[in-house]
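Asks: What follows is a structure written as structure tokens; I'll ask about it next.
The values are calculated or read from the model by the stated rules, or taken from the named source; none is laboratory data. Please read these numbers as outputs of a predicted model, since none were measured by experiment. Don't worry about glycine lacking a Cβ; one is built from the backbone with ideal geometry, like all the others, and counts go over all protein chains shown.
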There are 4 protein chains.
Amino acid sequence: MPNTFGKLFTISTWGESHGAAVGVVIDGCPPRLPLAEADIQVDLDRRKPGQSAITTPRKEPDRVEILSGVFEGRTTGAPISMLVRNTDARPGAYDEIREKFRPSHADFAYQMKYGFRDYRGGGRSSARETVGRVAAGAVARKILSLAGSVEIRAFVARIQDIGLKPGTPTHFPTLAEVDATPVRCPDPATAAAMIRRIEEVRAQGDSVGGVIHCRVRGVPPGLGEPAFDRLEADLAKAMLSLPATKGFEIGSGFAGTLLKGSEHNDAYVTKEGRVGTATNRSGGVQGGISDGEEIYFAVAFKPTATIMKPQATVDVAGKPTELTGKGRHDPCVLPRAVPIVEAMTALVLVDHWMRNAAQNKVFNF
Amino acid sequence: MPNTFGKLFTISTWGESHGAAVGVVIDGCPPRLPLAEADIQVDLDRRKPGQSAITTPRKEPDRVEILSGVFEGRTTGAPISMLVRNTDARPGAYDEIREKFRPSHADFAYQMKYGFRDYRGGGRSSARETVGRVAAGAVARKILSLAGSVEIRAFVARIQDIGLKPGTPTHFPTLAEVDATPVRCPDPATAAAMIRRIEEVRAQGDSVGGVIHCRVRGVPPGLGEPAFDRLEADLAKAMLSLPATKGFEIGSGFAGTLLKGSEHNDAYVTKEGRVGTATNRSGGVQGGISDGEEIYFAVAFKPTATIMKPQATVDVAGKPTELTGKGRHDPCVLPRAVPIVEAMTALVLVDHWMRNAAQNKVFNF
Amino acid sequence: MPNTFGKLFTISTWGESHGAAVGVVIDGCPPRLPLAEADIQVDLDRRKPGQSAITTPRKEPDRVEILSGVFEGRTTGAPISMLVRNTDARPGAYDEIREKFRPSHADFAYQMKYGFRDYRGGGRSSARETVGRVAAGAVARKILSLAGSVEIRAFVARIQDIGLKPGTPTHFPTLAEVDATPVRCPDPATAAAMIRRIEEVRAQGDSVGGVIHCRVRGVPPGLGEPAFDRLEADLAKAMLSLPATKGFEIGSGFAGTLLKGSEHNDAYVTKEGRVGTATNRSGGVQGGISDGEEIYFAVAFKPTATIMKPQATVDVAGKPTELTGKGRHDPCVLPRAVPIVEAMTALVLVDHWMRNAAQNKVFNF
Amino acid sequence: MPNTFGKLFTISTWGESHGAAVGVVIDGCPPRLPLAEADIQVDLDRRKPGQSAITTPRKEPDRVEILSGVFEGRTTGAPISMLVRNTDARPGAYDEIREKFRPSHADFAYQMKYGFRDYRGGGRSSARETVGRVAAGAVARKILSLAGSVEIRAFVARIQDIGLKPGTPTHFPTLAEVDATPVRCPDPATAAAMIRRIEEVRAQGDSVGGVIHCRVRGVPPGLGEPAFDRLEADLAKAMLSLPATKGFEIGSGFAGTLLKGSEHNDAYVTKEGRVGTATNRSGGVQGGISDGEEIYFAVAFKPTATIMKPQATVDVAGKPTELTGKGRHDPCVLPRAVPIVEAMTALVLVDHWMRNAAQNKVFNF
């Protein structure tokens, strides 16, 4: 089931960039959760194209329709099917890519895998697939908000070489701070510089990448499993399953490898009436399991593959040719990826919450 | 099934550090594969403790016994159960950690999750769990070697701040080059410096971490799935499921975020009679699917949590106390992690090979 | 994933009887399969209500819309999302069952499980859920027809006590023979008696059940797995997952328990240039695996729970009350269940075909 | 994962009839469950060969060894690996079946599927595989006994044409009543007749089959899932996954198809302070979900395939030949199948209990 994610709170996405619609089915959602289309729409609106001057001008209202699993304003426990129609598809814009493989896109790999591909706008490989993830993630977030006081906040920490100072922001950023600018970096000065950089590269017909940070507080200890389904392993999979991602690190990450054990270890202390750690280089997980500290991780996004400059490539017959990007594309995917990172994080947490409870909280021995 | 990995070539590990044994069951192994215990043992010997002066002196022969699924020297298609007895367990050495939580170990998280824990040597959270992974990985490697000419080579690229120059080795390193020194870095001069560093920190009762690189050649295009089960997502999960890992990057990784799209994209060309790419910043995957280029990735390992220095912590009652590491531990886990990284890589590849074939090669439409 | 069936060719159904729509997502469908909505519609038309005088008069055109996974008339390997709008929903007809538990319906069990239920027409528990199964089954049948010469034929073998003579029909019945009458029994005289019986009980406001037989020829040896995923185990699960089913038997079934081993065993012989069996009491499976003989099994369906007679029950507060069926219901579900049994059979076979190939045909050792 | 059963309480069996050992790994067992080898052994002793004059004289003590997941007498939440060594293997006794396909055995199907087979005593297809199921089932039973007051009682209801009167026993039979005779039929007179029949057919070198009934009381309402994973569907799969089974029916089963709806429906009433049903033709499930009434079902077992009479067959080259059963076999598998049916039932119930709790009991909306 390559298009399914999760074990107990399971989502299955479907749909192509320029097909009739994209959507998702959630299976395993707890019953009695208050849920309306408006709960979903608010997150889709943060992901949708055309939000600002630094994103693609493709106009998609991305209006969600809940087709099942909700009755009289509450979930029933049955599958929740959600659908978003594609409205601003312009298949004509994609004639050229029927014949030529776009560099650093999935066209060639799909052709080799399936012997056939829906070339319109990347088809299934388009980031438009993440509409379903964000819709499902909105449901997961609602569960988390009711189940405890879990807060998930992602933000753009670096665009190319323009980034937040290490260790900042020192406080847990608010949603208002993140969304204050279209680039979704909570530091205003850095955000302004990032926006200028994105505008510059767009003017050049080029693109940039960067790094998103995600911080999560309020997660109880005990989520995550030993061995393969560690919390950080499932977060890593979730993030590397997003288009354009090339790296993941949790806690001290790659930089932590420069420290000695005596510098890296997090000493246990008593704080706020519970056992916690004095430092948090572990990033909120120990041995694959949440320990009650803040979870934080970073995700690397490569520069957008579609650029408005001529590039060498080959056609489907293998003959050398040239291609220049057309269509409406983001010069930088990170601002719109912020809600997607949050959605995937919420999905991982709800799934592990349910798994943990099933094994460890159901029976009283 | 937290202790199971893979969808078609599935492994389930079991066992604790100081229990009777550790082991693994492989389900879904193709029949007729020539297989003997010696095929497994060679990989276990690269992982086992006590190999050299820079690893733990715990003495475990780690002798594997195949209990099922192999008949007259070939696999039958039935589950392959493999068992390794624990012989050098010294439970007495662990009396103190029954009462105190070791910093940056899983003790506390397990206690919170399960309300009960096997404290002997970390129990299930011990890296001894990876014995089963390496045994299963050896079977996967044998399949890959017979199925095509896939080669997987992991090696230590950096210990703390002592590392290989970026882009080196320029050739695909041989197994002999990697295993020429106990630190498993294929450059002799760097390896020597690494060994000195490990000996230094061990003399201080301290520990170090670093980065392992893994390179894979010979993978056909088409492995990996769109959406969630991307090849890089499953590799990321596999690596972050290993004890002590904090980061993963594929291809250009975090550094690639400093480039513009025009600098980062891999142009398609015709080479060696096939379509390929002129550069390989993508790391052998596009849209989650192998493209036939070399796959390469990096994994960050934190410094070993157990150190021979006094550390502040709390006891199980939450009272502040102090703990000094005892027992026999690696001051640096990376040399022994090299075969584990290779094993996990082989498992991911065989599983995706079978999944890809089932969907795309079985029927001829 | 309670609403998902299959391991490699996976279907996930969603939707409620009187919600906006019902549908299904197929994940894992092989690419390049020629597929159009007409391929699906033909099977949905055999399942839809209002086909004949002996089925419910509810009028649903059950027009399928393929939303993804098909491009230029062929599957792409991406998920196939299919949707059927509900048009003839009359929620008003169900006011009473909001307050009272219908005998031998799922209302009470859903209420106890979820603490909340969509009471309109049974919601998720309605047989309307099988629309998605039949749509997905049509795709599976198309694969089977192209992959080999597999033929699946279900038919009504008994209505209450009116049944086909044991061992008849002696030939593999044609689709035309089955569909010659609305009751879908291939023997005209028996069919006529069955129809009379159904009309009689309907006139009484009552209902009847019976037995469906299903025969499959052309299945190659080797489908099915040892241990748990035996072909007959997965067929049994598929059939018992259908609404109103109470029993399953394969080959000689319950009657076979009256024979001695010497009478029951199927001797191996050479026939048609291959190894086969002289008799076929095993029903085409040995040890859970197809042996190349015809597969045949029987499924018991209870009488429709909704009847137009007053019945004693309790209301949601537990107070005794009375209920008389309203709405539009089938006095006998079997005729419309015939294509559903075929659909589930096709789904099981395609899934096992792919699983078998992945393990046993991909590598050449 | 053909050799794995369950979604949350998962068991994976391994091992061949005449290999080194058979075993099972349980993944997902709740922690803190008191568990000792003696808890397992008592169930294995009911399954083991050589118990009485009417079973195979093969002598296997079937002594279980728990290798992991249990510490200081309680489960830890880690995988529980259990192993039983094969001791009375006599490979020499199986030389003939290397060359000839045994009628109504899996030899031929395995050969066709895998192109290779472990012919010793049926290898993986032997009922010896069920040792692991019974061991795991003993753990599941212990959970059920502590979680509530669930009782599972299977017994032999019919041997060939010698059976209990319909509707008997009228009370829930005790374990002592069932185990009072080696045939495990709780009615002494019927049991005596059954034993005589088994002895007769054995004297003829022949074999018999029959029907096992299983009754379960104390199951709370709400177990089982809509759509595919209905409780009866998973029970059907569990039973049809057992060697030699040919049929399954729940509640009124095949006989219920003779009734009209007005005769078959179970009226809701208030009883013992709760909502229940006046009759129980449904067998304790409605719409796939337990309703709190007694669950009861029947399983058909064919006569043992191995008989001591000459039978026609073909050899591996397809040449006609003759085969006479050798080795030590049960003339009737039902008495030893009783604990296996109970084990599978317990496994299904624990798994659904955990699944139900995870979705419906974890969050309080």
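Asks: Considering only residues that are surrounded by fewer than 24 Cβ atoms within 10 Å (Cβ to Cβ) and at the interface with chain D (Cβ under 7 Å from one of its Cβ atoms), look in the range B:13-26 and name the one that is nearest to the chain's Cα centre (by Cα).
Replies: Applying the filter and picking the extreme gives B:21.
Asks: Would you please name the residue that is surrounded by the fewest Cβ atoms within 10 Å (Cβ to Cβ), looking only at residues in the range D:74-96 that are within 14 Å of chain B (Cβ to nearest Cβ) and aliphatic (A, V, I, L, M)?
Replies: Going through the qualifying residues, I end up with D:89.
Asks: Quick test for you: out of C:292, C:283, C:256, C:318, pick the one residue that is at the interface with chain D (Cβ under 9 Å from one of its Cβ atoms), of a type in the set (Gly, Ala, Ser) and either in contact with a Leu (Cβ under 8 Å, 6 or more places away or on another chain) or part of a helix (DSSP H, G or I) (or both). Talk me through it step by step, then tell me what you get.
Replies: Details: C:292 fails: either in contact with a Leu (Cβ under 8 Å, 6 or more places away or on another chain) or part of a helix (DSSP H, G or I) (or both); C:283 fails: either in contact with a Leu (Cβ under 8 Å, 6 or more places away or on another chain) or part of a helix (DSSP H, G or I) (or both); C:318 fails: either in contact with a Leu (Cβ under 8 Å, 6 or more places away or on another chain) or part of a helix (DSSP H, G or I) (or both).
Of C:292, C:283, C:256, C:318, the one residue that is at the interface with chain D (Cβ under 9 Å from one of its Cβ atoms), of a type in the set (Gly, Ala, Ser) and either in contact with a Leu (Cβ under 8 Å, 6 or more places away or on another chain) or part of a helix (DSSP H, G or I) (or both) is C:256.
Asks: Another question about this same structure. How many residues, within the range D:178-207, are assigned to a helix (DSSP H, G or I) and either among the basic types (Lys, Arg) or within 19 Å of the chain's Cα centre (by Cα) (or both)? Talk me through it step by step, then tell me what you get.
Replies: From the range D:178-207, those assigned to a helix (DSSP H, G or I) are D:178, D:188-203; that's our starting set.
Those still in the list that are either among the basic types (Lys, Arg) or within 19 Å of the chain's Cα centre (by Cα) (or both) too: D:178, D:196-197, D:202.
Qualifying residue count for the region: 4.
Asks: Which condition number does residue A:2 fail, the rest of (1) out of contact with any Lys or Arg (no Cβ under 9 Å at 6 or more places or on another chain); (2) at pLDDT below 95 being met?
Replies: Of the numbered conditions (1) out of contact with any Lys or Arg (no Cβ under 9 Å at 6 or more places or on another chain); (2) at pLDDT below 95, the odd one out for residue A:2 is (1).
Asks: Within the range B:148-158, is there a residue that is within 10 Å of chain A (Cβ to nearest Cβ) and within 30 Å of residue B:310 (Cβ to Cβ)? Walk me through it before giving the result.
Replies: Taking the range B:148-158 first, the residues within 10 Å of chain A (Cβ to nearest Cβ) are B:158.
Filter once more, keeping what is within 30 Å of residue B:310 (Cβ to Cβ): B:158.
Checking the range B:148-158: at least one residue is within 10 Å of chain A (Cβ to nearest Cβ) and within 30 Å of residue B:310 (Cβ to Cβ).
Asks: Could you go through the range A:170-180 and let me know if any residue there is closer than 17 Å to residue A:349 by Cβ and more than 8 Å from chain B (Cβ to nearest Cβ).
Replies: The answer is yes; a qualifying residue exists.
Asks: Return yes or no: is residue D:255 aliphatic (A, V, I, L, M) and surrounded by fewer than 24 Cβ atoms within 10 Å (Cβ to Cβ)? Lay out the reasoning, then the answer.
Replies: Details: aliphatic (A, V, I, L, M): yes; surrounded by fewer than 24 Cβ atoms within 10 Å (Cβ to Cβ): yes.
Yes, satisfied.
Asks: Here is a further query. Among the candidates D:307, D:289, which residue alone is within 30 Å of residue D:54 (Cα to Cα) and either among the hydrophobic types (A, V, I, L, M, F, W, C) or without any contact (Cβ under 8 Å) to a residue 60 or more places away in the chain (or both)? Quick ask: steps written out before the conclusion?
Replies: Values: D:289 fails: within 30 Å of residue D:54 (Cα to Cα).
Of the residues listed, the single one that is within 30 Å of residue D:54 (Cα to Cα) and either among the hydrophobic types (A, V, I, L, M, F, W, C) or without any contact (Cβ under 8 Å) to a residue 60 or more places away in the chain (or both) is D:307.
Asks: List the residue pairs whose Cβ atoms are under 6 Å apart, where the first residue sits in the range B:269-283 and is at negative phi, the second is in a loop (DSSP other than H, G, I, E, B) and at pLDDT below 95, and the two are 6 or more positions apart or on different chains.
Replies: Within 6 Å, the pairs are B:270/A:318; B:275/A:318.
Asks: What number of residues in the range A:64-88 are in a loop (DSSP other than H, G, I, E, B), within 19 Å of residue A:21 (Cα to Cα) and among the hydrophobic types (A, V, I, L, M, F, W, C)?
Replies: Counting residues in the range A:64-88 that are in a loop (DSSP other than H, G, I, E, B), within 19 Å of residue A:21 (Cα to Cα) and among the hydrophobic types (A, V, I, L, M, F, W, C) gives 1.
Asks: Taking the residues in the range B:197-219 that are hydrophobic (A, V, I, L, M, F, W, C) and touching a helix residue (DSSP H, G or I) at 6+ places or on another chain (Cβ under 9 Å) as candidates, determine which candidate is farthest from residue B:248 (Cα to Cα). Steps first, please.
Replies: Initially, the range B:197-219 is screened for residues hydrophobic (A, V, I, L, M, F, W, C), giving B:198, B:201, B:203, B:208, B:211-212, B:214, B:216, B:219.
Going one step further and asking which of them are touching a helix residue (DSSP H, G or I) at 6+ places or on another chain (Cβ under 9 Å), we end up with B:198, B:201, B:208, B:211-212, B:214, B:216, B:219.
Working: B:198: 23, B:201: 25, B:208: 18, B:211: 9, B:212: 10, B:214: 11, B:216: 16, B:219: 20 Å.
Checking each candidate, the answer is B:201.
Asks: Among the residues in the range C:332-343, are any in contact with a strand residue (DSSP E or B) (Cβ under 9 Å, 6 or more places away or on another chain), surrounded by fewer than 24 Cβ atoms within 10 Å (Cβ to Cβ) and part of a loop (DSSP other than H, G, I, E, B)?
Replies: no
Asks: OK, next. Can residue B:113 be described as farther than 27 Å from residue B:203 by Cβ, surrounded by 20 or more Cβ atoms within 10 Å (Cβ to Cβ) and among the basic types (Lys, Arg)? Give the steps one after another, and end with the answer.
Replies: Values: farther than 27 Å from residue B:203 by Cβ: yes; surrounded by 20 or more Cβ atoms within 10 Å (Cβ to Cβ): yes; among the basic types (Lys, Arg): yes.
So residue B:113 fits the description; yes.
Asks: For the range A:27-73, which positions are within 9 Å of another protein chain (Cβ to nearest Cβ) and surrounded by 19 or more Cβ atoms within 10 Å (Cβ to Cβ)? Spell out the reasoning first.
Replies: Applying the first criterion (within 9 Å of another protein chain (Cβ to nearest Cβ)) to the range A:27-73 yields A:27-34, A:65-72.
Scanning the range A:27-73 gives A:27, A:28, A:29, A:30, A:31, A:33, A:66, A:67, A:68, A:69, A:70, A:71.
Asks: List the number of the failed condition for residue A:211; all other conditions in (1) within 12 Å of another protein chain (Cβ to nearest Cβ); (2) within 21 Å of residue A:49 (Cα to Cα); (3) in a helix (DSSP H, G or I) hold.
Replies: (3)
Asks: Return yes when residue D:247 is over 25 Å from residue C:7 (Cα atoms), at the interface with chain C (Cβ under 8 Å from one of its Cβ atoms), crowded, with 24+ Cβ neighbours inside 10 Å and under 19 Å from the mean Cα position of the chain (by Cα) and no when it is not. Break it down into steps so the answer makes sense when it comes.
Replies: On the way: over 25 Å from residue C:7 (Cα atoms): no; at the interface with chain C (Cβ under 8 Å from one of its Cβ atoms): yes; crowded, with 24+ Cβ neighbours inside 10 Å: yes; under 19 Å from the mean Cα position of the chain (by Cα): yes.
So residue D:247 does not fit the description; no.
Asks: Here is a further query. Looking at the range D:299-310, which of its residues are surrounded by 22 or more Cβ atoms within 10 Å (Cβ to Cβ) and facing another protein chain (nearest Cβ under 8 Å)? Lay out the reasoning, then the answer.
Replies: Start the filter on the range D:299-310 by keeping residues that are surrounded by 22 or more Cβ atoms within 10 Å (Cβ to Cβ), which leaves D:299-307.
Passing the criteria: D:300, D:301, D:302, D:303, D:304, D:305, D:306, D:307.
Asks: Okay, moving on. Listed residues B:57, B:49, B:61, B:103; which is part of a loop (DSSP other than H, G, I, E, B), more than 26 Å from residue D:12 (Cα to Cα) and modelled with pLDDT of 95 or more? Before you say what the answer is, go through the steps one by one.
Replies: Working: B:57 fails: modelled with pLDDT of 95 or more; B:49 fails: modelled with pLDDT of 95 or more; B:61 fails: modelled with pLDDT of 95 or more.
It is B:103.
Asks: Being at pLDDT below 95 and assigned to a loop (DSSP other than H, G, I, E, B) is the filter here, so list the residues in the range D:261-280 that pass it.
Replies: Once the filter is applied, which keeps residues that are at pLDDT below 95 and assigned to a loop (DSSP other than H, G, I, E, B), the range D:261-280 yields D:272, D:273.
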